Amino acid sequence: MSGIAGIVNLDGAPVDRDLLERMASSVAYRGPDASEVWTRGPTGFVHTSFRTTFEAQRERQPMSLDGEVWITADARIDGREDLLAELRGHGCTCSPDATDPELILHAYAVWRERSVEHLIGDFAFAIWDHRERKLFCARDHFGVKPFFYAHVNEALVFSNAMDCPRLHPDAPDDLYEPEIADFLVLGAGFDLERTAREVIRRLAPAHVLIAVDDKVCTRRYWTLPVDPPTVFRRSQEYVERFLELFEQAVADRLRTDRAAVLMSGGMDSTSVAAMAKRAAGKSGSPCAISAHSQVYHRLIQDREARFASAAARYIGIPLTEFALDDRQLLGFWDRPEFRRAEPWKTPLFDGTLSDVLGRPVSARVVLTGQGGDGIFSSLRKRHCLDRIRSGDWVRLAGELSRYVLSEGRRHRLQLRFRWQALAGRGATPRPFPVWLNPEFERRLHLRERYERYEAAPVWSRTPVDAVRPEAHGLMSSPIWAGLFEEYDPDNFGACVDARHPFFDLRLVRYVLSLPALPWCSDKELLRRSMRGLLPDEVRLRRKQPIASDLLTAFYQSSRKSWLDDFEPDEALGQYVDFKRAKECIQNPPPWEVMVHLRPMVLNFWLKWQCQSAYKVHKEEFRVPTH
């Protein structure tokens with residue numbers, strides 16, 4: 001993770017170095033190790049370094065291989081050996097310990113704009129090709145790394161920090177109302193290219209941006225493919241292939257001397273921790289692995305601490321627990337280091353993750369279990385119906401028998417929950433907010449938008465020929481890019497690089513090619529693969545949601561600390577009928593707490609926006625040190 005920014009004057013005018021220096025200062029919190037500004041004619045790049053890999057220790061950006069093509073990148077390139085072999089096959093002489101931006105530049109030299117199709121990993125970068133007078137930018141497949149840009153008059157301004165482009169003197173500060181509306185009605189914006197600012201856009205995941213002369217365009221370079229089913233002769237081959245890819249995914253995300261795992265007591269994060277310990281033991285450069293868990297002793301019934309402790313002992317890694325019972329809902333709103341560029345999607349967040357990672361941990365790299373539920377998502381009923389329609393009764397009988405007789409299955413059947421689902425006791429749909437300003441609601445047709453979304457959520461649009469359409473649709477969903485931004489330093493409150501092994505492209509494609517039975521339902525493949533790597537009490541435990549709603553518990557324990565003295569900002573009235581909003585939040589049903597907190601969250605955010613023009617407030621930022 002590093003800070004990147006830049007300006008290209010499309011009319012050829014010399015770039016303003018003083019503006020670049022201010023931009024460098026604004027992203028300094030993202031890269032405390034070094035800061036560089038480079039200019040040439042109409043172009044200027046900024047890079048602030050946060051060194052998280054062995055190769056990055058000698059890295060200096062912005063950089064060039066030939067003085068004509070320059071790059072500023074926040075990137076970690078995976079599958080390095082395969083990429084090096086490809087490059088050498090094209091006559092490129094690349095050192096095995098080349099830095100990640102060097103690899104990107106070599107790929108650009110060979111494949112030009114198609115270079116991004118040969119890269120895997122997490123990346124956001126900008127390349128200035130002086131010979132062609134072209135700016136080429138890219139964002140990784142799933143959108144782990146952010147990238148924002150603004151086309152301001154004759155200038156293109158970009159950064160991986162959303163507020164940075166606002167420093168351009170010609171950038172207007174107008175809010176983008178449809179994005180505000182999506183936050184209030186749906187809880188998040190699902191337009192991957194828009195932000196809360198009219199002038200600032202996101203580069204969507206798996207997209208490139210190209211600027212030549214006065215033309216700026218974006219295009220998609222990748223879509224999650226629909227691969228044919230994977231078929232092996234022996235069951236053990238499925239497990240062996242998964243372990244190979246999973247270990248590769250984790251190992252590619254280490255490449256450092258220490259790493260922290262954000263670990264609950266569930267299968268996903270504990271599996272990441274176990275595989276990190278295994279991969280670190282095989283590495284020629286040892287990596288110290290630690291685990292960090294958030295626990296609750298009084299606020300809710302929480303059994304995760306017991307399972308996390310059991311997993312940590314079995315794996316042989318230290319575990320640090322942080323009790324969060326006394327945290328305050330929205331208790332962070334006036335802390336300057338949490339002044340976000342957009343309203344918070346998660347009102348619970350109050351610097352908790354910053355504290356977990358900032359003391360006493362010194363790791364710059366953190367691993368998460370995000371994505372495990374997504375890639376193993378499966379519907380047994382759909383699978384069985386597909387087998388019946390195809391007349392494949394023998395195969396279905398074998399799959400069902402292996403599923404029912406699998407290790408620990410009796411304990412994990414959860415018949416009570418299955419019966420509730422059959423009886424129609426499903427999830428309660430989110431309500432349409434009754435506290436919207438009527439004029440705002442009518443002008444933006446918000447009820448119609450809400451009804452369209454509820455009828456067909458964006459992640460329900462799946463290719464019917466996928467092996468598991470539900471998993472393919474979920475892994476293609478725009479929800480992930482927003483979730484990854486929650487781990488970004490702008491939102492995290494700590495200078496760390498969060499990495500998500502379950503979003504490794506190689507691993508995703510393999511697991512999506514497997515049928516629901518017997519491998520994906522109840523994460524059977526993951527459970528079998530972790531035999532001997534995790535204790536059975538964790539490996540064979542049934543999946544259980546938190547016993548009580550965490551947000552509701554926080555709300556009930558802390559609302560008097562802020563709600564009674566709450567004062568609406570003047571700007572809130574154009575979006576929300578605050579009197580009705582306050583009535584709704586007084587004593588809402590548990591499933592409506594999140595909805596009715598949104599006006600309060602928006603109000604805090606608007607107060608910040610109106611206090612002053614854009615400033616950098618990162619003086620208290622936590623920076624783990626080696």
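The values are calculated or read from the model by the stated rules, or taken from the named source; none is laboratory data. Note that the structure is a prediction, hence the values are computed from the model and not measured. When we count neighbours, we look across all protein chains shown, and the Cβ atoms used for this are built from the backbone with ideal geometry, even at glycine. For accessibility, only protein heavy atoms count, side chains too; no ligands or nucleic acids. Shrake-Rupley method; radii C 1.70, N 1.55, O 1.52, S 1.80 Å.
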Point to revise | Options 455, 363, 427, 397; residue that is modelled with pLDDT of 75 or more and within 24 Å of residue 522 (Cβ to Cβ) | key: 397
Practice item. Give 249, 273, 206, 211 a once-over and let me know the one that is on the phi > 0 side of the Ramachandran plot, among the hydrophobic types (A, V, I, L, M, F, W, C) and either surrounded by fewer than 16 Cβ atoms within 10 Å (Cβ to Cβ) or at pLDDT 95 or above (or both). Key: 206
**Study point:** Selection from segment 282-328 of residues that are modelled with pLDDT under 90, aromatic (Phe, Trp, Tyr) and touching a helix residue (DSSP H, G or I) at 6+ places or on another chain (Cβ under 7 Å)
**Key:** 322
Review point. Quick check: anything in segment 82-105 in a strand (DSSP E or B) and open to solvent by less than 30 Å² (accessible area, probe 1.4 Å)?
Key: no
Exercise for review: Name, by its number, the condition in (1) in contact with an Asp or Glu (Cβ under 9 Å, 6 or more places away or on another chain); (2) surrounded by 17 or more Cβ atoms within 10 Å (Cβ to Cβ); (3) not polar (S, T, N, Q) that does not hold for residue 177.
Suggested key: (2)
Review point. For segment 104-134, which residues satisfy the criterion of being among the β-branched types (Val, Ile, Thr), within 30 Å of residue 367 (Cβ to Cβ) and without any contact (Cβ under 8 Å) to a residue 40 or more places away in the chain?
Key: 104
Review point. When residues of segment 503-518 are filtered for being over 25 Å from residue 483 (Cβ atoms) and either of a type outside the set (A, V, I, L, M, F, W, C) or open to solvent by 10 Å² or more (accessible area, probe 1.4 Å) (or both), how many remain?
Key: 2
Exercise for review: Answer yes or no as to whether residue 599 is in a loop (DSSP other than H, G, I, E, B) and modelled with pLDDT of 75 or more.
Suggested key: no
Review point. Of all residues in segment 5-53, which are of a type in the set (A, V, I, L, M, F, W, C), out of contact with any Cys (no Cβ under 9 Å at 6 or more places or on another chain) and open to solvent by less than 10 Å² (accessible area, probe 1.4 Å)?
Key: 7, 8, 19, 20, 24, 45
**Study point:** Subset of segment 194-203 [charged (D, E, K, R) and either surrounded by 20 or more Cβ atoms within 10 Å (Cβ to Cβ) or outside any strand (DSSP E or B) (or both)]
**Key:** 197, 198, 201, 202
Revision key, fill the gap. Flagged in segment 482-502 as within 22 Å of residue 224 (Cβ to Cβ), out of contact with any strand residue (DSSP E or B) (no Cβ under 7 Å at 6 or more places or on another chain) and either open to solvent by 10 Å² or more (accessible area, probe 1.4 Å) or not in a helix (DSSP H, G or I) (or both), in numbering order, are 482, 483, 485, 486, 500
Practice item. Tell me which residues, restricted to segment 520-559, are outside any helix (DSSP H, G or I) and either surrounded by 17 or more Cβ atoms within 10 Å (Cβ to Cβ) or at pLDDT 95 or above (or both). Key: 530, 531, 532, 533, 534, 535, 540, 541
